[in-house]
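Asker: Before I ask anything, here is the structure I am working with.
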Amino acid sequence: MTVIRIIHRLALALPLALGVVLVAFFYLRALPGDPVAVILSQSAAESPQAIATLRAQLHLNEPLLSQLAYFLANLVHGSLGYSFVQHVPVSTLIGQALPATIELGFGALAFAALIGIPLGVIGGWRRAGTGDRIGTFITILAVSLPEFWLGLVLIVVLAAYLKWLPAAGEIGVAVQLRAVTGMPVLDALLTGNVPALMSALRHLILPSVALGTPMVAVITRVLSASLHETKWLPYITVARAKGLTERQVLLRHALRNAWIPTVTVTGLNFGILLGGNMVVETVFAWPGLGRLVVQSIFSRDYPVVQGAILVYGLTFILINLLVDVVVTLLNPQVTL
Amino acid sequence: MHDSRFTWWRLVLGAFVPSAVLVAAALTGTLTSATSAAGLRPLSAVLDTTADSSSLAQAIAMQLDQFGLHVSVREWQSTDLLTQEQSGSRQMYMSDWGSAYFDPYDLAAPKLITGGRGNRSFFSNKTFDALMTQAATSNNTQLRRADYFKAQQILYSQVPWVFGYYLDNVQVASSRLKGWQPYEDGMEPMARVTPNGSSTVTVALPTNAILTLDPTASYSDRSTEEVIQNVFDSLVTLSPGRTILPQLATRWAVSQGGLTYTFTLRRNVTFQNGQPFTSQDVVFTADRLLGLGAFQGHPSTRAALIDPPGDALTVGAEGPYTVVFHFQKPFPLFLYGLVHMEIVPHVYYQKVGAAQFALHPIGTGPFSYQSGSYSGPIVLARNSRYWGGAPKIAKLVFLPEPDPESTMAGLLSGSIDVGTDLPFDQLSQFENNPQFQVKEIPGTRAYFIELNNKLPPFNNRNVRLAFNYAIDWNTILAAIYGNHAHRMATAFLPSGFGFDPHIHPYPYDPAKAVELLHAAGYEAHVP
C-alpha cells in the first residue's frame, strides 16, 4: 500500500517538475542580456556574420515556442542539451557538480545534527537551565554569523595560521582515488582507501561547519520547542507514573514525538543545501552546483540553468517525499 | 460598499496631478537657472558600471561633482550593460578591453574604427580608419609604425574616451619554485620550474571554472588558456620579451609580399598517447578552427585569431613535416595569433569526438591531462617523453579558486603554490616575506571610460576633453592599486607595437576643464 502511494506521489511529481522547468525557461529568456553577446564579447570573432551564425546554431533566432519545442524534445530523449559556453552536455556538468554538493550537504547535516540534537534535547528537557542558556546563546550566534564571514575566519585561523585543516578543495591533490560516485568520502569508503578517506574528511570539515552552522540553530530551536511541548502531555505523566526512569521517558517517549517537526524542518533545510551554496562553495573552492548555477546565470547559459532548476525541482520533491515517509515511520498515525 | 467608489481615475489623478506639478516646477526651475548664468546649462550624465568597477566609478563621480557636474553612477549586470551600450542609448560607461596580439590590431582597431566590433563609443574618423586598416594589412614595419603614430595623434586630439590606465599583472609564488616566471601568453613556465620539496605544484586560477580543455573550442579566457598551454604546444610561442620563438615548428619562411608562410615541423615529437606529430595534425587543427561548420555546426570564435574575418586562409601539407599557410591579403600579426593555435592530434580527436576530447584532451605539451573537471582541481602529470625535456614537476594541479581571500590563505598555509589576481592592498604581506616571490608583468587589458560620441553632452569634443582634464587619475589609482596602475595617453598600450612614448596622458588640470566646459556652454566651477 505504502509503495503504491510512493509511486503515486512520484508520478504526481513529474508534471510539477515540468511546470518548474517551464517557468524557468520563460523567466530566463525574459532576463535582459544576450548569450551570444556574452560568448562573443571580446573574442576576435564578434562580426555580424559570427553573431548570426552562432545565434542560428543555438536556435536563439527562432520563436520562443519553437525553442521550447527543441528543449522538450531533447528532454524526452533524456538529454538536457549542451552548455552554450562550455560545449559539453549539461548532464555532464551537473553530474560533475552534484556529487560535490551532495557530499557537502551531508557534511553540513552531520555537523548540524551533531551539535543541534544534544543542544535541543538539553534545552527542551531542562528549560531555563544552564544548558538551555548556553544552547540559546549558541543558536543565536549560529544563526547570526554570515556564512562568508564564518568561512573566511575558519580558513584564516584553522587553515592559514594553525595549519590544522586544508582551506580549499574536496581532497588533497596528491591523493590517488578512483572515482566511483564522484563523492570523495564515499569513493574512499567504497574502495577501502584509508589515506584518501582521511584527506577527504579533513577537507570536508571546514566547509561543513560554515554551511551547517545556521542549521544548528534550526535543529536546536525546533527540537527544543517540540520537546518542551511534549514534556507536559498526559502520556509523559503516565510514563513517569508507571515508574520509568527519566532517561527512558525522554528517549523512548518524549523524543519520539518531538522528532516529527524536527525531521520535517531539517528535511526541507537539507533540500535547500542540496541546491548548492554559492558563497560557501566559492570560499572553499568546492566545485559544486551553486557555483555552476551562478556562473551560468551570469553568462546566460540557458541550458545549464534550466537543467539545474530541473534538478532542484526533483530534489525538493524527493526530499519532501522522503520526509513524509520518515514521519510515517515515526508516527504510524500519519499516512502518506 | 463605500470603498468601491475609490475608482481608478481617482488613483490616476492622485498620482498624476502632484507629479505633474512637481515636473512643471522642476522644469521652470531649470529654465530660469539656465537663463540666469550667462546662457550656461548644468551638465548631468549617468556613469554606467558593473559591480567590479563600482567603487572606482563612485570615486570618479565624486570628483566630477566637485566641478558642479551632476554625474550619478548606475550599476548594471555586465550582460545588460553590454546590450544597452551597443544600442547607443547610454552616455558614459566604465569599459575595458583585452589584447592578445601585443598590437593595436585587436585593441584600438576594433574599439575605435568606424563600425568596429567593439566600438561602443561610436567614434568615427575617416583618416583614423584608413591608417588603422593600412597598418593591419601591411608587412612594412616602418610604415605600420608611422601609421600607428599618426593614429595616436588623432585619438589624442579627438579624445573619443576618457583615457584610463592598465594594470600590472602581479603573481605570487612560493619561493620553493626555483626558476619560476609568471604565466604570460604563450609561455608555459611550469615546464622549467624546479620545485624544492614536494614535486606536486598547485596553481590557483582566479575563476569559477575553466571553459574547456579543447583548444579548438570557442573560448576567450585567460585561465582556460593557461591550462591548455601546459597540455598542448603551438607551432610558435612567445618569449617574455615578446619575440616569436619556435615550438612545434623549427623554422619558417615568409614569401615576398607576406602572403605565404611555410613552416618546417619538429621531427620525432609524439603526442601523449604515443602517436607521432605530423603535418596532418596541423592541417586538422587549422580546419577545425577555420571550417564554417567545424565547431558543433558553427565556426570557432578563435578562428579570427589566425584568420581575420573576410580573408580566405588556406592551409595545406607538403609532406609530413611541412605546412603552408596562404593568405589572400597580408596579415602581419599571423605569428602572434599562431601562438594560440594549439595543435590537437587528428587521429585521436576524430576517434573520440569533440565532446570527449574536451574532457580527456591529449596534446604534445610538457604535461598530460590526468583527471579533474572544469570546476574542480584539474590534475596534470609530467609528460616524461616531452620533446623539450621532461619537466621537474611530477604533478601540476590547477585549482579554480574564485575567492582571492581563500587563495591568499592557501598560499600562506602552503596548500597553494601560485596565485594571481590577489587584492592589490594585500600584496605587501607577500612582498616582505622570504617564503614568497612576487613578480609582475605588464597587463594587456586597457581600462577607460567610454563616451558615447553620438549623444549629448559627449558629442562635443570640448566636453570630452574637459572630462580628461577633470579626473585626478593619479590620486584615485594610487589609492586603489598602489603603484600597480599606469596611465594610458590614448588607446595604445606601451607593451604593444607602434606605441608612441612622446604622447603623455592628459594631466589633472581643473582650470582647463572648467574653461572647456564653459566653452561648450555648460556650468562648472573649479573645485
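Asker: Please indicate, with yes or no, whether at least one residue in region A:163-180 is in a helix (DSSP H, G or I) and touching a residue at least 60 places away in the same chain (Cβ under 8 Å). Talk me through it step by step, then tell me what you get.
Answerer: As a first pass, look at region A:163-180 and keep what is in a helix (DSSP H, G or I): none.
Taking every residue of region A:163-180 in turn, none turns out to be in a helix (DSSP H, G or I) and touching a residue at least 60 places away in the same chain (Cβ under 8 Å).
Asker: Can you say whether residue B:231 is more than 18 Å from the chain's Cα centre (by Cα) and away from chain A (no Cβ under 12 Å), as far as the supplied structure shows?
Answerer: Judged against the criteria, residue B:231 is a match.
Asker: A follow-up question, please. Are any of the residues in region A:170-177 at pLDDT 90 or above and of a type in the set (D, E, K, R)? Before the answer, list the steps.
Answerer: The initial filter retains those residues of region A:170-177 that are at pLDDT 90 or above, namely none.
Looking for residues that are at pLDDT 90 or above and of a type in the set (D, E, K, R), one finds none in region A:170-177, hence no.
Asker: So, one more: If I filter region B:213-248 down to residues being in a loop (DSSP other than H, G, I, E, B) and at pLDDT 90 or above, which single residue comes out as nearest to residue A:282 (Cα to Cα)?
Answerer: Going through region B:213-248, the residues in a loop (DSSP other than H, G, I, E, B) turn out to be B:213-221, B:232-233, B:235, B:239-243, B:247-248.
With at pLDDT 90 or above added as a condition, the list becomes B:213-215, B:232-233, B:235, B:247-248.
Numbers: B:213: 22, B:214: 25, B:215: 26, B:232: 29, B:233: 31, B:235: 37, B:247: 37, B:248: 38 Å.
That would be B:213.
Residue-wise test of (1) part of a helix (DSSP H, G or I); (2) under 20 Å from the mean Cα position of the chain (by Cα).
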site	(1), (2)
A:210	yes, yes
A:214	yes, yes
A:218	yes, yes
A:226	yes, no
A:237	yes, no
A:244	no, no
A:256	yes, no
A:260	yes, no
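Asker: Please go through region B:204-214 and pick out each residue that is more than 9 Å from every other protein chain (Cβ to nearest Cβ) and either of a type in the set (Phe, Trp, Tyr) or out of contact with any strand residue (DSSP E or B) (no Cβ under 8 Å at 6 or more places or on another chain) (or both).
Answerer: None; the set is empty.
Asker: Could you tell me how many of the residues in region A:270-283 are closer than 23 Å to residue A:220 by Cβ, in contact (Cβ under 8 Å) with a residue 60 or more places away in the chain and in a helix (DSSP H, G or I)?
Answerer: 4
Asker: So, one more: Go through (1) part of a helix (DSSP H, G or I); (2) surrounded by 23 or more Cβ atoms within 10 Å (Cβ to Cβ); (3) of a type outside the set (A, V, I, L, M) and name the single condition residue A:286 misses.
Answerer: (1)
Asker: Given the conditions (1) within 14 Å of another protein chain (Cβ to nearest Cβ); (2) assigned to a helix (DSSP H, G or I); (3) farther than 26 Å from residue B:517 by Cβ; (4) in contact with a Phe, Trp or Tyr (Cβ under 7 Å, 6 or more places away or on another chain), which single one is not true for residue B:135?
Answerer: (1)
Asker: Answer yes or no as to whether residue B:72 is more than 10 Å from chain A (Cβ to nearest Cβ) and at pLDDT 85 or above. Walk me through it before giving the result.
Answerer: Working: more than 10 Å from chain A (Cβ to nearest Cβ): yes; at pLDDT 85 or above: yes.
In short, yes.
Asker: Among the candidates A:93, A:80, single out the residue that is within 14 Å of another protein chain (Cβ to nearest Cβ), under 30 Å from residue A:302 (Cβ atoms), touching a residue at least 60 places away in the same chain (Cβ under 8 Å) and part of a loop (DSSP other than H, G, I, E, B). Break it down into steps so the answer makes sense when it comes.
Answerer: Numbers: A:93 fails: part of a loop (DSSP other than H, G, I, E, B).
Matching residue, one of A:93, A:80: A:80.
Asker: Can you list residue pairs whose Cβ atoms sit under 7 Å apart, with the first residue in region B:395-406 being within 20 Å of residue A:290 (Cα to Cα) and the second being among the hydroxyl-bearing types (Ser, Thr, Tyr) and assigned to a helix (DSSP H, G or I)? Count only pairs 6 or more apart in sequence or on different chains.
Answerer: Close Cβ pairs (under 7 Å, with a partner that is among the hydroxyl-bearing types (Ser, Thr, Tyr) and assigned to a helix (DSSP H, G or I)) amount to B:401/B:407; B:402/A:282; B:403/A:282.
Asker: Related question: Kindly list the number of the only condition in (1) under 18 Å from the mean Cα position of the chain (by Cα); (2) within 10 Å of another protein chain (Cβ to nearest Cβ) that fails for residue B:217.
Answerer: With respect to (1) under 18 Å from the mean Cα position of the chain (by Cα); (2) within 10 Å of another protein chain (Cβ to nearest Cβ), residue B:217 is out only on (1).
Asker: Which is surrounded by fewer than 23 Cβ atoms within 10 Å (Cβ to Cβ) and within 22 Å of the chain's Cα centre (by Cα), of B:129, B:106, B:147?
Answerer: Working: B:106 fails: surrounded by fewer than 23 Cβ atoms within 10 Å (Cβ to Cβ); B:147 fails: within 22 Å of the chain's Cα centre (by Cα).
Of B:129, B:106, B:147, the one residue that is surrounded by fewer than 23 Cβ atoms within 10 Å (Cβ to Cβ) and within 22 Å of the chain's Cα centre (by Cα) is B:129.
Asker: Moving on. I need the full set of residues from region A:158-178 which are hydrophobic (A, V, I, L, M, F, W, C), surrounded by 13 or more Cβ atoms within 10 Å (Cβ to Cβ) and more than 7 Å from chain B (Cβ to nearest Cβ), in order please.
Answerer: From region A:158-178, those hydrophobic (A, V, I, L, M, F, W, C) are A:158-160, A:162, A:164-165, A:167-168, A:171, A:173-175, A:177; that's our starting set.
Now narrow it down to the ones that are surrounded by 13 or more Cβ atoms within 10 Å (Cβ to Cβ): A:158-160, A:165, A:167-168, A:171, A:173-175, A:177.
Within region A:158-178, A:158, A:165, A:171, A:175, A:177 meet the criteria.
Asker: OK, next. Would you call residue B:353 free of Cβ contacts under 8 Å to residues at least 40 places away in the same chain, part of a loop (DSSP other than H, G, I, E, B) and out of contact with any helix residue (DSSP H, G or I) (no Cβ under 6 Å at 6 or more places or on another chain)?
Answerer: no
Asker: Does region B:357-373 include one or more residues that are away from chain A (no Cβ under 14 Å), within 30 Å of residue B:132 (Cβ to Cβ), in contact with a Phe, Trp or Tyr (Cβ under 8 Å, 6 or more places away or on another chain) and modelled with pLDDT of 90 or more?
Answerer: Among the residues of region B:357-373, not one is away from chain A (no Cβ under 14 Å), within 30 Å of residue B:132 (Cβ to Cβ), in contact with a Phe, Trp or Tyr (Cβ under 8 Å, 6 or more places away or on another chain) and modelled with pLDDT of 90 or more, which makes the answer no.
Asker: Taking residue A:263 and the conditions (1) at pLDDT 90 or above; (2) under 23 Å from residue A:117 (Cα atoms), which numbered condition does it fall short on, given that it satisfies the others?
Answerer: That leaves (1) as the condition not met.
Asker: When you check residue B:377 against the structure, is it under 30 Å from residue A:161 (Cα atoms) and either within 14 Å of chain A (Cβ to nearest Cβ) or surrounded by 24 or more Cβ atoms within 10 Å (Cβ to Cβ) (or both), yes or no?
Answerer: Criteria met by residue B:377.
Asker: Condition first: within 11 Å of another protein chain (Cβ to nearest Cβ), among the aliphatic types (A, V, I, L, M) and more than 16 Å from residue B:180 (Cα to Cα). Now tell me which residues in region B:402-443 satisfy that.
Answerer: Matches in region B:402-443: B:408, B:409, B:412.
Asker: Could you list, in sequence order, all residues of region A:49-76 that are touching a Pro at 6+ places or on another chain (Cβ under 9 Å), within 12 Å of chain B (Cβ to nearest Cβ) and farther than 13 Å from residue A:39 by Cβ?
Answerer: A:49
Asker: Away from chain B (no Cβ under 14 Å) and over 26 Å from residue B:50 (Cα atoms) - does that describe any residue in region A:297-306? Before the answer, list the steps.
Answerer: Residues of region A:297-306 that are away from chain B (no Cβ under 14 Å), as a first pass: A:306.
Checking which are over 26 Å from residue B:50 (Cα atoms) leaves us with none.
The answer is no; no qualifying residue exists.
Asker: What number of residues in region B:364-385 are assigned to a strand (DSSP E or B) and either over 18 Å from residue A:170 (Cβ atoms) or out of contact with any Lys or Arg (no Cβ under 9 Å at 6 or more places or on another chain) (or both)?
Answerer: Applying the first criterion (assigned to a strand (DSSP E or B)) to region B:364-385 yields B:367-371, B:378-382.
Filter again for either over 18 Å from residue A:170 (Cβ atoms) or out of contact with any Lys or Arg (no Cβ under 9 Å at 6 or more places or on another chain) (or both), leaving B:367-369, B:371, B:378, B:381-382.
Looking only at that region, the number is 7.
Asker: Moving on. Would you point out the residue of region B:196-212, among those that are touching a helix residue (DSSP H, G or I) at 6+ places or on another chain (Cβ under 6 Å) and assigned to a loop (DSSP other than H, G, I, E, B), that is nearest to residue B:253 (Cα to Cα)?
Answerer: First pass over region B:196-212, keeping only residues touching a helix residue (DSSP H, G or I) at 6+ places or on another chain (Cβ under 6 Å): B:204-205, B:207-208, B:210-212.
Still in the running and assigned to a loop (DSSP other than H, G, I, E, B): B:207-208, B:210-212.
On the way: B:207: 39, B:208: 42, B:210: 35, B:211: 35, B:212: 33 Å.
Step by step, filter region B:196-212, then rank; the result is B:212.
The values are calculated or read from the model by the stated rules, or taken from the named source; none is laboratory data. Nothing here was measured: the structure is a model prediction, and the numbers come from that model. Because the Cβ atoms are built from the backbone with ideal geometry, glycine has one as well, and the counts that use them run over all protein chains shown.
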